[in-house]
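For reference, the structure discussed in these notes is given below.
The values are calculated or read from the model by the stated rules, or taken from the named source; none is laboratory data. Only a predicted model underlies this, so the values are computations on that prediction, with no experimental measurement involved. Note that each Cβ is placed from the backbone with ideal geometry, even for glycine, and that neighbours are counted across all protein chains shown.
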């Protein structure tokens with residue numbers, strides 16, 4: 001005989017109480033629900049172990065912030081106590097939620113803001129790659145072949161330039177993650193090359209070409225030259241830079 | 001018939017996956033589900049059996065797992081030529097939109113938990129289609145009060161749903177030691193209800209302070225677990241499809257990786273040989 005709807009509702013309430021107590025590291029709240037004193041004592045082992053693993057994952061993910069936030073470990077402990085993991089949360093999403101929590105917790109230095117921008121830029125690229133997985137894989141295949149095709153770029157009129165579909169932008173306001181000669185504030189592109197996420201500060205022409213390409217789709221060199229105000233050679237050279245950076249490829 | 005033998009893939013054992021003793025591999029979903037990954041997680045290996053091991057189906061939760069999560073699991077399985085997906089008999093969250101505990105806990109072994117678990121397993125099986133689903137017995141630190149034993153609960157889930165069983169031999173050993181039950185009796189009871197079986201083997205350590213065996217996947221497989229493995233192979237005979245060795249910490253050297261998996265294969269071959 002199947003349990004009644006009210007029995008299932010009771011089970012739902014029981015699991016909600018248990019999961020919320022364990023997720024919030026409040027094992028004492030469940031001492032009466034488990035078998036005997038030994039099991040009750042080990043509830044704490046369970047929550048301690050989970051908090052430790054979560055702490056280590058966050059530390060790992062937020063490493064770039066550690067260089068600027070001396071109190072990061074204390075903040076992580078406070079965050080873990082205050083904000084339970086959400087259902088299905090992965091390490092990456094938990095880290096991004098920490099940034100939201102941090103911004104409401106205390107003012108951030110400019111360098112800390114840039115570190116948060118690094119983490120958010122990476123996070124958005126990962127989300128985009130997850131949503132557009134097929135396009136990501138196809139572009140990376142094209143990119144791996146681009147080195148060979150690059151020799152023909154400028155002479156083979158059939159080759160079309162394509163943009164890395166997985167890219168996003170952030171603005172850095174300090175030199176914490178920039179070269180000495182980069183402008184401030186700097187627009188920074190985030191994009192994957194293989195399994196890695198890279199960043200680049202582009203020359204204005206390169207950024208303009210990238211945006212034009214993103215709007216128009218795959219384009220031959222003569223099409224790009226017709227549409228823009230630049231010389232064919234200028235476009236060819238800028239495109240070559242984008243390909244070598246990993247923001248464009250040929251097909 | 002000898003079951004397929006292999007490791008749960010870790011970066012540390014990838015160099016040895018072409019060992020002649022290995023013809024299977026287990027993929028941990030949370031490791032393979034990297035949105036930036038371009039190549040197949042199993043790379044160019046051509047294993048006889050590949051299985052995807054998940055952590056967040058939370059089949060004992062009151063709500064079924066999300067379609068998004070199930071579809072992501074199935075996609076990784078198809079991409080890597082896996083014939084099965086497995087997860088643990090436990091709950092990691094209270095329900096959809098709720099909180100995640102970070103690790104699975106055993107459900108209270110009650111009729112209500114059984115009904116929810118069976119319904120969720122059936123939802124998973126429907127969603128996975130021809131990708132077979134196996135449910136693993138977990139090692140736990142505590143048990144909620146319930147109305148039946150873990151063995152009865154698991155047997156009834158297997159019988160009611162027809163899903164396969166991942167017999168984690170080390171988990172049975174650990175729970176038997178920690179909670180004072182007979183590991184062989186447990187295996188005997190559940191094996192009767194299992195249609196198909198995969199096995200997990202691993203090694204943990206005895207924590208003197210806690211007076212508890214910790215299933216840490218950090219040590220070589222203990223002799224007692226090898227004994228239980230032989231026992232389960234004899235009992236399971238033609239039901240056992242694959243055996244996977246798990247190691248997550250204190251990784252061995254090349255010789256250690258190769259010797260352990262070769263021993264696992266030798267035992268399986270001996271068990272499958274005609275008397």
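Take the residues of the range B:105-132 that are crowded, with 23+ Cβ neighbours inside 10 Å and over 16 Å from residue B:156 (Cβ atoms): which is nearest to the other protein chains (Cβ to nearest Cβ)? Out of the qualifying residues, it is B:105.
Among the residues of the range B:59-71, those that are in a helix (DSSP H, G or I) and under 19 Å from the mean Cα position of the chain (by Cα) comprise B:69, B:70. Among the residues of the range B:178-210, those identified as assigned to a helix (DSSP H, G or I) and touching a helix residue (DSSP H, G or I) at 6+ places or on another chain (Cβ under 8 Å) are B:183, B:184, B:185, B:186, B:187, B:188, B:189, B:190, B:191, B:192, B:193.
Sub-6 Å Cβ pairs linking a first residue in the range A:46-64 that is within 10 Å of chain B (Cβ to nearest Cβ) to a second residue that is part of a helix (DSSP H, G or I), at least 6 apart or interchain, are A:47/A:22; A:47/A:27; A:51/A:80; A:54/A:80; A:57/A:91, ordered by first then second residue. If the condition is being closer than 23 Å to residue B:39 by Cα, free of Cβ contacts under 8 Å to residues at least 40 places away in the same chain and assigned to a strand (DSSP E or B), then the range A:157-200 contributes only A:196. In this structure, residue A:142 does not qualify as outside any loop (DSSP other than H, G, I, E, B), under 19 Å from the mean Cα position of the chain (by Cα) and surrounded by 17 or more Cβ atoms within 10 Å (Cβ to Cβ). Considering the range A:22-37, and only residues there that are outside any loop (DSSP other than H, G, I, E, B) and touching a strand residue (DSSP E or B) at 6+ places or on another chain (Cβ under 9 Å), the residue that is farthest from the other protein chains (Cβ to nearest Cβ) turns out to be A:30.
Name every residue in the range A:145-156 that is more than 28 Å from residue A:131 (Cβ to Cβ) and either part of a loop (DSSP other than H, G, I, E, B) or touching a strand residue (DSSP E or B) at 6+ places or on another chain (Cβ under 6 Å) (or both), in order of residue number. Within the range A:145-156, A:153, A:154, A:155, A:156 meet the criteria.
Of the listed requirements (1) within 14 Å of chain B (Cβ to nearest Cβ); (2) more than 15 Å from residue A:245 (Cβ to Cβ); (3) in contact with a strand residue (DSSP E or B) (Cβ under 7 Å, 6 or more places away or on another chain), residue A:137 misses just one: (3).
Taken together, the residues in the range B:26-35 that are at pLDDT 95 or above and within 12 Å of chain A (Cβ to nearest Cβ) amount to 1. With respect to being within 12 Å of chain B (Cβ to nearest Cβ) and on the phi < 0 side of the Ramachandran plot, residue A:5 fits the description. Regarding residue B:195, is this residue more than 14 Å from chain A (Cβ to nearest Cβ), over 18 Å from residue B:54 (Cα atoms) and touching a strand residue (DSSP E or B) at 6+ places or on another chain (Cβ under 7 Å)? So residue B:195 passes the test. Can you find a residue in the range B:84-94 that is assigned to a helix (DSSP H, G or I) and either closer than 29 Å to residue B:48 by Cα or within 9 Å of another protein chain (Cβ to nearest Cβ) (or both)? No - not one qualifying residue is present in the range B:84-94. When you check residue A:99 against the structure, is it part of a helix (DSSP H, G or I) and more than 10 Å from chain B (Cβ to nearest Cβ), yes or no? Yes. Residue count for the range B:106-148 satisfying the condition of being over 23 Å from residue B:26 (Cβ atoms) and in a loop (DSSP other than H, G, I, E, B): 11.
Quick one: would you say residue B:180 is over 15 Å from residue B:88 (Cα atoms) and touching a residue at least 24 places away in the same chain (Cβ under 8 Å)? No, not satisfied.
If you go through the range A:67-89 one residue at a time, how many are assigned to a loop (DSSP other than H, G, I, E, B) and surrounded by fewer than 16 Cβ atoms within 10 Å (Cβ to Cβ)? The qualifying residues number 3.
If you go through the range A:179-194 and pick out every residue that is within 14 Å of another protein chain (Cβ to nearest Cβ) and over 20 Å from residue A:167 (Cα atoms), you end up with 0.
State whether the residues of the range B:135-157 include one that is closer than 24 Å to residue B:225 by Cβ, touching a residue at least 60 places away in the same chain (Cβ under 8 Å) and at the interface with another protein chain (Cβ under 10 Å from one of its Cβ atoms). Yes, some residue in the range B:135-157 is closer than 24 Å to residue B:225 by Cβ, touching a residue at least 60 places away in the same chain (Cβ under 8 Å) and at the interface with another protein chain (Cβ under 10 Å from one of its Cβ atoms). When restricted to residues that are touching a helix residue (DSSP H, G or I) at 6+ places or on another chain (Cβ under 7 Å), under 13 Å from residue B:3 (Cβ atoms) and in contact (Cβ under 8 Å) with a residue 60 or more places away in the chain, the range B:253-270 contains 1.
Filter the range A:142-173 for residues that are farther than 21 Å from residue A:216 by Cβ and modelled with pLDDT of 95 or more; which is farthest from the other protein chains (Cβ to nearest Cβ)? So, considering only residues that are farther than 21 Å from residue A:216 by Cβ and modelled with pLDDT of 95 or more, the one farthest from the other protein chains (Cβ to nearest Cβ) is A:173.
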